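Okay, so here's the structure we're looking at.
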Amino acid sequence: MRSNNEDCFRIVNPLNLFVLSDGMGGEAHGEVASAIAVDTVVDHCREAENQHDAPFFGEPLVGWSDRTKRLASAVFLANQKIFSSAGEHSDQHGMGATLTAVWIYGDRLSVVHVGDSRAYLLRAGGLQQLTTDHSLVAEQVRRGILTPAEADQSEMQNVLLRALGTQAEVDVETDEHQLIPRDTLLLCSDGLTRMVTEPEIAGTLQAETDPQKAADCLIALANENGGADNISVIVVRLDADSLNWFSWLRGGARKSKQNGNSSKGM
């Protein structure tokens with residue numbers, strides 16, 4: 001239904017780093033904002049791996065691992081770059097982006113998040129949302145103003161309370177988790193979650209143990225249910241034999257069925 005794809009994602013295999021962003025702004029170049037977000041996070045984390053005294057950006061974080069601190073620093077830097085670019089180019093005024101990224105190191109998972117893209121963990125058949133939607137309707141649900149069903153039908157679903165590039169400073173959500181064999185991670189833009197229910201997502205991830213097939217099935221299901229937005233999906237499955245090795249797969253597609261595609265990296 002949209003000819004312009006504002007989603008962007010990247011998998012950095014050597015680092016076990018997974019990054020996904022959904023641009024906002026339409027004619028204000030949301031695709032530029034999401035690309036800046038993803039590129040900045042990847043470049044900053046790569047630089048830190050090669051240069052351990054690389055500077056940190058944003059408010060100092062206390063009590064988190066070095067990788068979580070570095071991920072948050074990357075998001076602060078991405079926010080600065082998007083905000084500055086929008087200020088320097090009149091046609092980019094109003095652009096912004098969501099950002100969800102996870103970094104796996106051994107059995108530890110670092111998560112950073114801004115906006116309404118999501119990260120999920122599937123474990124033993126149970127699906128847990130690891131991130132909080134920074135949107136108006138999600139906040140209204142948390143306050144009891146709307147029910148989840150009413151939120152799903154609200155015309156205000158596109159209103160974000162937090163996004164990269166819309167303000168000079170941004171509040172970055174951070175978290176850490178311990179992983180176990182056979183855990184499955186899902187990163188996705190709202191093009192998936194607005195078209196596919198969480199029970200459908202969980203069922204698909206359980207039924208399709210191959211990450212490529214799972215990603216393809218989720219994208220196809222979102223398109224079958226209307227495909228009203230760009231759809232990007234990253235599926236990461238923890239190898240059952242070792243906490244140090246991961247089989248991973250990415251899948252991404254535009255919401256148009258004709259333009260659907262998926263890709264795989266090993």
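Exactly one residue out of Ala48, Ala54, Ala37 is crowded, with 16+ Cβ neighbours inside 10 Å and without any contact (Cβ under 8 Å) to a residue 40 or more places away in the chain, and it is Ala48.
Among the residues of segment 123-170, those that are charged (D, E, K, R) and either assigned to a strand (DSSP E or B) or under 28 Å from His29 (Cα atoms) (or both) comprise Arg123, Asp133, Glu139, Asp152, Glu155, Arg162, Glu169.
Across segment 195-219, what is the total count of residues that are open to solvent by 40 Å² or more (accessible area, probe 1.4 Å) and either of a type outside the set (D, E, K, R) or in contact (Cβ under 8 Å) with a residue 40 or more places away in the chain (or both)? Please lay out each step first, then the result.
Start the filter on segment 195-219 by keeping residues that are open to solvent by 40 Å² or more (accessible area, probe 1.4 Å), which leaves 195, 197-200, 206-210, 213, 216-217.
The next check asks that each one be either of a type outside the set (D, E, K, R) or in contact (Cβ under 8 Å) with a residue 40 or more places away in the chain (or both); those that pass are 195, 197-199, 206-207, 209, 216-217.
Number of matching residues: 9.
Here Ala54 meets the list (1) closer than 22 Å to Ser85 by Cα; (2) touching an Asp or Glu at 6+ places or on another chain (Cβ under 8 Å) almost entirely, failing just condition (1).
Annotation for segment 85-95: no member residue is outside any helix (DSSP H, G or I) and polar (S, T, N, Q).
Conditions tested, residue by residue: (1) among the aromatic types (Phe, Trp, Tyr); (2) in contact with a Leu (Cβ under 8 Å, 6 or more places away or on another chain); (3) not in a loop (DSSP other than H, G, I, E, B).
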position	(1), (2), (3)
Phe9	yes, yes, yes
Pro14	no, no, yes
Val38	no, yes, yes
Lys69	no, yes, yes
Ala78	no, yes, yes
Trp103	yes, yes, yes
Ser110	no, yes, yes
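The values are calculated or read from the model by the stated rules, or taken from the named source; none is laboratory data. Everything numeric in this text was worked out from a predicted model, so none of it was measured. Note that we place each Cβ from the backbone using ideal geometry, even for glycine, and neighbour counts take in every protein chain shown. Just the protein is used for accessible areas: all its heavy atoms, side chains included, with ligands, DNA and RNA removed. Shrake-Rupley method; radii C 1.70, N 1.55, O 1.52, S 1.80 Å.
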